[in-house]
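Values in this text are rule-based calculations from the coordinates and carry no lab data. Predicted model only: the values in this text are computed from it and were never measured. In this analysis, Cβ positions are derived from the backbone assuming ideal geometry, glycine residues included, and neighbour counts consider all displayed protein chains.
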Amino acid sequence: MKLNIDQVIAISIINGTIVVPSETYATNRDGIFAGGEVVTGANTVADAMSSGKRAFEMIDKYMRVKKISKEYQLTRPSKNILIK
């Protein structure tokens with residue numbers, strides 16, 4: 001009997017990419033996260049790196065026992081600049 005990788009690890013895989021919500025990057029298995037090209041597929045390097053970075057942020061929150069959710073922070077322009 002031949003098993004597919006998604007049957008062995010019980011993670012949702014569609015068209016060769018792991019399915020995760022873009023808000024948490026958590027798979028359907030507790031404590032398992034995915035990011036980078038396994039999520040974005042063959043896309044740009046920038047997209048894969050961005051996805052991996054966001055997945056890392058969620059893993060860090062998970063390991064610190066914080067609520068995993070996407071947070072939005074203003075990084076540019078500087079908060080000292082008044083925008084009209």
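Beta carbons within 10 angstrom, averaged per residue: use that to sort the peptides 20-29, 41-50, highest first. Each step should come with its number before you reach the end.
On the way: 20-29: 15.6, 41-50: 12.2.
Order by mean packing, descending: 20-29, 41-50.
To make sure I understand, if each residue's beta carbon is the centre and we count other beta carbons within 10 Å, what order do 30, 60 fall in, fewest to most? Mind showing how you got there, number by number?
Details: 30 7, 60 11.
If I rank by nearby Cβ atoms, fewest first, I get 30, 60.
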